[in-house]
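Asks: Once you've had a glance at the structure underneath, I'll fire off some questions.
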Amino acid sequence: MKRFTLLAALLLCLLVESQAQCGGKGMKALEVKDYASAWTDFENCLKEDAGDISANFGISRLYGMDPAKKDPQKALDHLLLAEAGWAKLDEKGRAKFEKLGVTTAELESRRSRIEASMLEVAKTNNTVAGFDAFLIQFPNSVSATVCRNYRNDLAYKLALEEGSVEALDNYLTTYPDAENAKDVAKVRDERATAETLKANTEEAMVNFLNRYPAAIQAPQIQQRLNAVAFENAKTANTVEAFRSYVDRFPDSVFITQAKEKLEWLEANGQK
């Protein structure tokens, strides 16, 4: 049993040593920017072992360095494979790869460069979907906050261009924690107020107050609602209309007039 254990350990060491040696030529070729030789060596390594750490790390670098094959997404894909293999190694196992330049610091540096590159792609494309895709791939990136701000600013711009209160509402629902949320809410409330006053109906004003009770314009809309509802009650000129007004707007400045009119109608047998 002991002999078997020693044999297994020896085989593991030989495997790690073999993996570490594989890709060595490619790493040297990278240093002198001999991209063709580097591709050949790394790809041959991956044919033998798709999870080879040094080869995946090297190819990740190539996708960032080779002008003819730049591809941030493929660079990330291979880096993830290298990181996965690296995480499984102990200190002794990592030492084999460190001789080839694969270190924790280099892996982290490679990731930072890829993140920066992919953020630039997202900025160039300038779409909400593109920024969202970056945030899904790099939720804990140091660039995540920057990306989120770009995304939010663009989404806000698009909402403004659409020009509707609903578009601004959707923005605030989708990005409630956006840094500009308060400013967006202010613009939304101003536009909603303008639309409500233009409509000048009880329904529009009640809808505003139900949806935006915290808006600074809410008291203004409430006062206007009191006045419009009172005018409607006078137009109807019925006991039912004034009784409804008294029940609905007990704090209205028109409440005394409404009660007096209600009493008069009831006293005169009006319905």
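The values are calculated or read from the model by the stated rules, or taken from the named source; none is laboratory data. This structure is a prediction, so every number in the text was calculated from the model and none was measured. Here the Cβ positions follow ideal geometry from the backbone for every residue, glycine too, while neighbour counts run over all protein chains shown. Keep in mind that these areas ignore ligands, DNA and RNA; they rest on the heavy atoms of the full protein, side chains included. Shrake-Rupley method; radii C 1.70, N 1.55, O 1.52, S 1.80 Å.
Asks: Tell me which lysines have Cα within less than 20 Å of Lys198's Cα, excluding those fewer than 8 residues away on the same chain?
Replies: Within reach: Lys186.
Asks: Beyond 19 Å between alpha-carbons counts as too far, so tell me which of Lys33/Lys69; Lys234/Lys259; Lys69/Lys99 fall in that bin.
Replies: Table pairs above 19 Å Cα-Cα are Lys69/Lys99.
Asks: P(r) for the stretch 77-222: what percent of alpha-carbon pairs falls in each 10 Å bin, starting at zero?
Replies: 10, 28, 20, 16, 12, 8, 5, 1
Asks: How much of the pair distance distribution for the stretch 38-84 lies past 12 Å, counting alpha-carbon pairs only, in percent?
Replies: So the portion of pairs separated by more than 12 Å is 53 percent.
Asks: Springs between alpha-carbon atoms under 10 Å, Gaussian network over the chain: tell me which of Arg111, Arg248, Arg188 tops the mean-square fluctuations.
Replies: Arg248
Asks: Relative to the first principal axis of the alpha-carbon coordinates of the chain, what is the inclination of helix 218-236, with its axis defined by its Cα atoms, in degrees from 0 to 90 and to the nearest 10?
Replies: Long axis of 218-236 versus the principal axis of the chain: about 40 degrees.
Asks: Per-residue accessible area for Ile216 at 1.4 Å probe radius, Å² rounded to 10?
Replies: Its accessible surface works out to 140 Å², give or take rounding.
Asks: Is the shape of the stretch 22-121 rounded, prolate or oblate, going by the alpha carbon gyration tensor and its root eigenvalues a ≥ b ≥ c, with a/c under 1.5 for rounded and a/b larger than b/c for prolate?
Replies: oblate
Asks: I've got another one for you. Most mobile of Tyr245, Tyr156, Tyr212 per a Gaussian network model of the chain (Cα springs, under 10 Å)?
Replies: Highest fluctuation of the listed residues: Tyr245.
Asks: Also, I was wondering about something else. May I ask you to give the solvent-accessible area per residue for the chain, in square angstrom, as obtained with a 1.4 angstrom probe?
Replies: 60
Asks: Thinking of the chain as a set of Cα atoms, what percent of all their pairs are more than 22 Å apart?
Replies: Distances greater than 22 Å cover 71 percent of the Cα pairs.
Asks: Per residue of the stretch 102-119, what does 6.51 cos²θ - 1.76 cosθ + 1.60 with θ = phi - 60° give for ³J(HN,Hα)? Whole Hz please, x for Gly and Pro, Karplus curve as stated.
Replies: Going residue by residue, I get 8, 10, 4, 4, 5, 5, 5, 5, 4, 4, 4, 5, 5, 4, 4, 5, 6, 5 Hz, with x marking Gly and Pro.
Asks: Shifting gears a bit: Compute the orientation-averaged projected area for the stretch 213-271 from the convex hull of its Cα atoms and round it to one decimal in nm².
Replies: Average of the hull's projected areas for the stretch 213-271 equals 3.8 nm².
Asks: What figure in square angstrom, to the nearest 10, would you give for the accessible area of Val253 with a 1.4 Å probe?
Replies: 120
Asks: Using only helices, what value at 222 nm comes out for the chain when you add -39,500 (n - 2.57) per DSSP H run of length 4 or more and divide by the total residues, to the nearest 500 deg cm²/dmol?
Replies: Taken over the chain, the calculation gives -25500 deg cm²/dmol.
Asks: For labels at Leu197 and Ala84 in the simple 7 Å Cα→Cβ model, what's the distance in nm?
Replies: Going from the Leu197 label point to the Ala84 one covers 6.1 nm.
Asks: In whole percent, and with a 1.4 Å probe on the protein chains, what portion of the accessible area of the chain is carbon and sulfur?
Replies: So the carbon and sulfur contribution to the accessible surface is 54 percent.
Asks: Let me ask you something else. Report, ordered by chain and residue number, the lysines lying within cross-link reach of Lys92, taken as a straight Cα distance under 24 Å and ignoring same-chain residues fewer than 8 apart.
Replies: Of all the lysines, those that pass the test against Lys92 - Cα under 24 Å, at least 8 places apart if same chain - are Lys2, Lys25, Lys28.
Asks: To the nearest 10 Å², what's Glu260's accessible area with a 1.4 Å probe?
Replies: Its heavy atoms expose roughly 110 Å² to the probe.
Asks: A further question on this structure: If you average the C-alpha positions of the stretch 195-271 and of the stretch 113-129 separately, how far apart do those two centres end up, in angstrom?
Replies: 54
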